[in-house]
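Engineer: First the structure, which I've put down as structure tokens, then a few questions once you've had a look.
The values are calculated or read from the model by the stated rules, or taken from the named source; none is laboratory data. Fair warning: this is a prediction, and the values are worked out from it, not measured in the lab. A quick note on method: Cβ atoms are made from the backbone with ideal geometry, for glycine too, and the neighbour counts reach across all protein chains shown. Remember, those area values only see protein heavy atoms, side chains included, never the ligands or the DNA or RNA. Shrake-Rupley method; radii C 1.70, N 1.55, O 1.52, S 1.80 Å.
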Amino acid sequence: MARLRFLVVVLIVAAMTAVSVGSGTSAAAPAPPGSVIAVQDMPRELWIPGTGRAYRLTYATADHWGAPATSTGAVYLPPGPAPEGGWPVVSYAHGTIGVSDQCAPSMTGPQAIESAYLQGWLARGYAVVATDYIGLGTPGVLPYLDGKAAAHSVIDIVRAARTIDAGVSPRWVVIGLSQGGHAALHTAHEATTYAPDLDYRGAVAIGAPSNLEQLFPFGGPGFPNLGLRGLTTFSLFAIVGLRSARPDLDLDSYLSPRGRELAGLAERLCSPELAPQVAGVQVGELFSRSLGDDEIRSALADYLGVPTSGYDRPLFIGHGTNDIVVPIVLTLKLVADLQRAGADVRFVAYPGAGHGESLGASSADSMAFVEPLIR
């Protein structure tokens, strides 16, 4: 009996100690969105031409549901001292490059066509900040085409840039190409409510995919590539991203053995390396069953869908007529829906321009659109 009482006392003391320690210790609160976690000078060989100073950042942001997340990105500042009021900001959202950490532009430098475009903004006295997006350079898989998560990354790097350099103005616009155009549209929808501490002025979206939530449910065995360049590659990135963001959907059960094999490659390879691996593979070969059930449709609408109302700043949307990556007809429908909902939107089609070419083709128009908004 004495021994039993001794054991009881020991257990009670141990329990009280655990409660005491637990009540006096709490996990550190997550850093507020836009907080700088780490900063380092960017190697000069990765600078956009015309840069005065450049940094690589790791910063706090939020995922699709508002939970704490981290992202990396780059800050490029013009040469010389900042003007009165600071350098206005272009927050640039990059096009598709892959979902693996090795693809992060802050580690490899912007793609050539994007670097040439951004050089023009630096020359006009804009600070350029460029997110990698959540999961591209940080733990986890990039949620490719998750518009809300991308928007948070795009917005929070503006906050982070202002933390590391007092010359960065709160006045900013978002510009994006392709995947980044999709992110720019979502950023435009979220900016003023998500970050009222900043002074958001407008958005430029070039070659932006939209209405994809209407098309993906047709995916399934036998679905062709429709003559669109890179469709299998982009479909794999979207599958990998959604699979990571929504494990409850069990997307692997929709994939064929070949689809699961290629999805594994898509997690590890950047776009240029993945493209030859999927050459000749039809989208339909990725699937063992249709994506058309109600659960997947609902998830795709939430994950991919571009809002058509709720914009409180002007939009500029540009698209090349020869775009065989994102057909212009998708953007024409988006623009019509935006106009019907009362958005302040300007649309320009660029005759003969392909997907990437539309960025350079739109340069003069996008600058003419942005300058009156921000100066």
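Engineer: Have a look at Val75, Val10, Val36, Val19 and point out the one that is at pLDDT below 85, among the hydrophobic types (A, V, I, L, M, F, W, C) and open to solvent by less than 90 Å² (accessible area, probe 1.4 Å).
Structural biologist: Result of the check over Val75, Val10, Val36, Val19: Val10.
Engineer: Pick from Ala116, Ala127: which is hydrophobic (A, V, I, L, M, F, W, C) and over 30 Å from Leu236 (Cα atoms)?
Structural biologist: Ala127
Engineer: Among the numbered criteria (1) in contact with a His (Cβ under 8 Å, 6 or more places away or on another chain); (2) outside any loop (DSSP other than H, G, I, E, B), which single criterion is violated by Ser210?
Structural biologist: Of everything listed in (1) in contact with a His (Cβ under 8 Å, 6 or more places away or on another chain); (2) outside any loop (DSSP other than H, G, I, E, B), Ser210 misses just condition (2).
Engineer: Restricting to region 321-354, what's the tally of residues that are closer than 27 Å to Val240 by Cβ and not hydrophobic (A, V, I, L, M, F, W, C)?
Structural biologist: Count: 5.
Engineer: Name the one entry in Ala368, Ala343 that is more than 21 Å from the chain's Cα centre (by Cα), within 22 Å of His94 (Cα to Cα) and at pLDDT 95 or above.
Structural biologist: Exactly one residue qualifies, and that residue is Ala368.
Engineer: Now, a different point. Can you give me the number of residues within region 75-105 that are closer than 19 Å to Val158 by Cα, in contact (Cβ under 8 Å) with a residue 40 or more places away in the chain, touching a Phe, Trp or Tyr at 6+ places or on another chain (Cβ under 9 Å) and not in a strand (DSSP E or B)?
Structural biologist: Count: 2.
Engineer: If I ask for residues that are open to solvent by 20 Å² or more (accessible area, probe 1.4 Å), free of Cβ contacts under 8 Å to residues at least 60 places away in the same chain and not charged (D, E, K, R), which ones from region 292-303 would you list?
Structural biologist: Ser298
Engineer: Let me ask another. For region 117-148, what are the residues that are over 18 Å from the mean Cα position of the chain (by Cα) and outside any loop (DSSP other than H, G, I, E, B)?
Structural biologist: Listed by number, the residues that qualify are Tyr117, Gln119, Gly120, Trp121, Leu122, Ala123, Ala127.
Engineer: If you scan region 247-266, which residues turn out to be open to solvent by less than 70 Å² (accessible area, probe 1.4 Å) and either part of a helix (DSSP H, G or I) or at pLDDT below 95 (or both)?
Structural biologist: Across region 247-266, the qualifying residues are Leu249, Leu251, Asp252, Ser253, Tyr254, Gly259, Leu262, Ala263, Gly264, Leu265, Ala266.
Engineer: Please list, ordered by first then second residue, the pairs with beta carbon atoms under 7 Å, 6 or more apart or interchain, first in region 188-200 and closer than 15 Å to Leu315 by Cα, second among the aromatic types (Phe, Trp, Tyr) and surrounded by 15 or more Cβ atoms within 10 Å (Cβ to Cβ).
Structural biologist: Listed pairs, sorted by first residue: Ala188/Tyr311; His189/Tyr311; Ala191/Tyr200; Thr192/Tyr200; Tyr200/Trp172.
Engineer: Mind checking whether some residue in region 287-295 is outside any loop (DSSP other than H, G, I, E, B), at pLDDT 95 or above and within 21 Å of Gly95 (Cα to Cα)?
Structural biologist: no
Engineer: OK, next. What are the residues in region 88-116 that are of a type in the set (A, V, I, L, M) and either more than 12 Å from the chain's Cα centre (by Cα) or at pLDDT below 95 (or both), if any?
Structural biologist: Val89, Val90, Met107, Ala112, Ile113, Ala116
Engineer: Can I ask one more? List every residue pair whose Cβ atoms lie under 6 Å apart, where the two residues are 6 or more positions apart in sequence or sit on different chains, the first residue falls within region 144-156 and is on the phi > 0 side of the Ramachandran plot, and the second residue, located anywhere, is in a helix (DSSP H, G or I) and small (Gly, Ala, Ser).
Structural biologist: Between residues of region 144-156 that are on the phi > 0 side of the Ramachandran plot and residues that are in a helix (DSSP H, G or I) and small (Gly, Ala, Ser), the close pairs are Leu145/Ala238.
Engineer: Which of the residues belonging to region 304-325 are under 15 Å from Leu215 (Cβ atoms) and open to solvent by less than 10 Å² (accessible area, probe 1.4 Å)?
Structural biologist: Leu304
Engineer: Here is a further query. Just a yes or no: is a residue in region 108-119 polar (S, T, N, Q) and touching a Ser or Thr at 6+ places or on another chain (Cβ under 7 Å)?
Structural biologist: no
Engineer: Out of (1) closer than 28 Å to Ile328 by Cα; (2) in contact with a Gly (Cβ under 9 Å, 6 or more places away or on another chain); (3) crowded, with 20+ Cβ neighbours inside 10 Å; (4) not acidic (Asp, Glu), the odd one out for Asn225 is which?
Structural biologist: (3)
Engineer: Which ones in region 156-180 are open to solvent by less than 10 Å² (accessible area, probe 1.4 Å) and closer than 17 Å to Ala62 by Cβ?
Structural biologist: If the condition is that a residue be open to solvent by less than 10 Å² (accessible area, probe 1.4 Å) and closer than 17 Å to Ala62 by Cβ, then Asp156, Ile157, Val158, Ala160, Val174 are the ones that fit.
Engineer: Of all residues in region 334-361, which are touching a helix residue (DSSP H, G or I) at 6+ places or on another chain (Cβ under 7 Å) and free of Cβ contacts under 8 Å to residues at least 60 places away in the same chain?
Structural biologist: Passing the criteria: Val345, Arg346, Phe347, Val348, Ala349, Tyr350, Ala353.
Engineer: Residues that are open to solvent by 30 Å² or more (accessible area, probe 1.4 Å) and on the phi > 0 side of the Ramachandran plot: does region 196-203 have at least one?
Structural biologist: Checked against the condition, which is being open to solvent by 30 Å² or more (accessible area, probe 1.4 Å) and on the phi > 0 side of the Ramachandran plot, region 196-203 yields no hits at all.
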